[in-house]
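The values are calculated or read from the model by the stated rules, or taken from the named source; none is laboratory data. Because the structure is predicted, anything quoted here is derived from the model rather than measured. Cβ sites come from the backbone with ideal geometry, for glycine too, and all protein chains shown count toward neighbours. The protein model used for the area step is the full one, side chains on, heavy atoms only, and it has no ligands, DNA or RNA in it. Shrake-Rupley method; radii C 1.70, N 1.55, O 1.52, S 1.80 Å.
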Amino acid sequence: MLEQFLPFVGLIIFGNIENLILASQGVVQGVNPKILGGLSIICVIIWLFIGTVATEVAMQYSSYITFIGGLAIVILGIQSIQGAVHNLRHKSGENNG
């Protein structure tokens, strides 16, 4: 039974990384951590529900879904790094000037 879900192992890993990246972006932007945590939990519950209900339909598209998930993580990672670098440069400029 577990072997039928193996195509989605990469997506599970990517999803966790994506959640960490989004949390990092929220911290960089100064979002309230309690609100960010609550929204994160809500998103995880929604994805759990979608994954439970739509797994049979999604199995035939697992390679595409994993690719799109990986691409989204790369894009979000780049955005997160850009935001963090911009924020660090901005704070560094305030301290020096």
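Observations
- Prolate/oblate/rounded call for the chain, Cα gyration tensor, a/c under 1.5 rounded: prolate
- Heavy-atom accessible surface of region 5-97, averaged per residue, reaches 76 Å², computed with a 1.4 Å probe.
- Heavy atoms of Leu6 accessible to a 1.4 Å probe, total area in Å² rounded to 10: 100 Å²
- When shorter helices are ignored and each DSSP H run of at least 4 residues is given -39500 (n - 2.57), the per-residue value for the chain at 222 nm works out to -30500 deg cm²/dmol.
- In nm, spacing of pseudo-spin labels at His90 and Met59 (7 Å Cα→C-beta vector): 4.8 nm
- Label sites at Leu6 and Gln29, each approximated as a point 7 angstrom past Cα along Cα to Cβ, lie 3.9 nm apart.
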